[in-house]
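Q: Let me begin by handing over the structure; questions about it come next.
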Amino acid sequence: MPRVVVPATSANLGPGFDVLGLCFDLSNTFTYSIESDFQCTGFSSEYDMDHNLVIKSYKTIFALLSQDPIPIHLHAQCEIPISRGLGSSSSCIIAGCVIANEVLNHPFTKEEIAKFATTIEGHPDNVIPCLFGGLVASKFNDNHLFTVSYPISTKLHFLVLIPDFELETATAREILKPEISRIDAISNIQNTLLLLEGLRTGNEALIHEGINDTIHVPYRKTLIEDYDILKHIVYKHGGIGFTISGAGPTCLAIFTNEIPIDDINIELVTCAHHWKIMEMFINMNGTRIEV
């Protein structure tokens, strides 16, 4: 059966709130076949047919063409943790759109799929790197999608710290202030530019300064009990950047040296929650289709 391999993403990267996204090699894999009625397997019970984002996105593409959806049997092998800030919902949206486009014999371009996925998700910072890969800045305005890809230094190593609790994106949004000050806006613009150059060159000072955020991290970190402890541990062991991955609660750390995973794991026992740490590698290709 054909399958679609859809990668995890880390959005925001500190100051790039709702703009930047980075694609990793951790993936969800969805196999499918055309059947007489819809079937879903491999999903947990709460994501049955009526609450399955892959199927909803799949049907949305058919609706755009005013066609009845062709039933499929969809099977999931999911590695991306749910509601942790690693783009699990975006992976499902992209999967549904891509599978529909395959079943319909490719009526839409990849760029059009990106626009549809952004409309379903509500913002492009996760779905765009998920589809295209790499480090991407994106903006969706008046049905126009703008994307810019940025290079990443091979000096850099990325670590995610994934907790034993979920955090819904809606909750992480609600805690944000409705307005920001001019000083905070300027700071985030400055830091985003510094961060992008630091990621391109591997410059430790630029990453360390540039990853700081004033718009969402100060508020969202209050929902992550161990945040300050984790940040201290990461910097103690040579990290050069630390922030929340997406809306959280997963955290993202950047290193230029080999990551001392064993040493970090030893110190994590001081945290209130259990944290799983994983070194992540950049996926430059995004979503792929295997026939």
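Q: When you check S83 against the structure, is it on the phi > 0 side of the Ramachandran plot, within 17 Å of the chain's Cα centre (by Cα) and not charged (D, E, K, R), yes or no?
A: yes
Listed here are the residues, each with its yes/no results for (1) assigned by TED's automatic domain parsing to the domain that holds A11; (2) more than 20 Å from D18 (Cβ to Cβ); (3) of a type outside the set (S, T, Y).
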site: F146; (1), (2), (3): yes, no, yes
site: L176; (1), (2), (3): no, no, yes
site: A185; (1), (2), (3): no, no, yes
site: T192; (1), (2), (3): no, no, no
site: E204; (1), (2), (3): no, yes, yes
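Q: When you scan the range 5-22, how many residues do you find that are out of contact with any Pro (no Cβ under 9 Å at 6 or more places or on another chain), among the hydrophobic types (A, V, I, L, M, F, W, C) and under 19 Å from F146 (Cα atoms)?
A: Within the range 5-22, residues that are out of contact with any Pro (no Cβ under 9 Å at 6 or more places or on another chain), among the hydrophobic types (A, V, I, L, M, F, W, C) and under 19 Å from F146 (Cα atoms) number 2.
Q: Something else: What is the one condition in (1) part of a loop (DSSP other than H, G, I, E, B); (2) within 15 Å of N52 (Cβ to Cβ); (3) touching a Gly at 6+ places or on another chain (Cβ under 9 Å) that P124 does not satisfy?
A: Only one criterion in (1) part of a loop (DSSP other than H, G, I, E, B); (2) within 15 Å of N52 (Cβ to Cβ); (3) touching a Gly at 6+ places or on another chain (Cβ under 9 Å) is unmet by P124, namely (2).
Q: Here is a follow-up. Considering each residue of the range 231-254, count those that are out of contact with any helix residue (DSSP H, G or I) (no Cβ under 8 Å at 6 or more places or on another chain) and of a type outside the set (S, T, Y), and give that number.
A: Number of matching residues: 5.
Q: Give me the pairs, please: first residue somewhere in the range 234-247 and part of a helix (DSSP H, G or I), second residue anywhere and buried (at least 24 other Cβ atoms within 10 Å of the Cβ) and not hydrophobic (A, V, I, L, M, F, W, C), beta-carbon distance under 9 Å, and either six or more positions apart or on two chains.
A: V234/G241
Yes/no per residue for (1) more than 21 Å from A247 (Cα to Cα); (2) of a type outside the set (V, I, T); (3) in contact with a helix residue (DSSP H, G or I) (Cβ under 9 Å, 6 or more places away or on another chain):
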{"residue": "N28", "(1), (2), (3)": "no, yes, yes"}
{"residue": "T31", "(1), (2), (3)": "yes, no, no"}
{"residue": "I34", "(1), (2), (3)": "yes, no, yes"}
{"residue": "S66", "(1), (2), (3)": "yes, yes, no"}
{"residue": "I80", "(1), (2), (3)": "no, no, yes"}
{"residue": "G85", "(1), (2), (3)": "no, yes, yes"}
{"residue": "I93", "(1), (2), (3)": "no, no, yes"}
{"residue": "V103", "(1), (2), (3)": "yes, no, yes"}
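Q: In the range 151-210, how many residues are of a type in the set (V, I, T), within 25 Å of A8 (Cα to Cα) and either in contact with a strand residue (DSSP E or B) (Cβ under 7 Å, 6 or more places away or on another chain) or not in a loop (DSSP other than H, G, I, E, B) (or both)?
A: The qualifying residues number 8.
Q: Only strands (runs of 3 or more DSSP E) wholly contained in the range 1-117 count here; list those with 2 or more residues that are in contact (Cβ under 8 Å) with a residue 24 or more places away in the chain and under 30 Å from G198 (Cβ atoms).
A: Result: 3-11, 20-34.
Q: How about the range 275-291: which of its residues are surrounded by fewer than 15 Cβ atoms within 10 Å (Cβ to Cβ), touching a helix residue (DSSP H, G or I) at 6+ places or on another chain (Cβ under 8 Å) and not aliphatic (A, V, I, L, M)?
A: Across the range 275-291, the qualifying residue is only E279.
Q: Output the residue which, of all residues in the range 248-287 that are outside any strand (DSSP E or B) and of a type in the set (G, A, S), is nearest to R3 (Cα to Cα).
A: If we take residues in the range 248-287 being outside any strand (DSSP E or B) and of a type in the set (G, A, S), then G286 is nearest to R3 (Cα to Cα).
The values are calculated or read from the model by the stated rules, or taken from the named source; none is laboratory data. Here the structure is a predicted model, which means the values were calculated and not measured. All Cβ positions, even for glycine, are placed from backbone atoms using ideal geometry, and neighbour counts span all protein chains on display.
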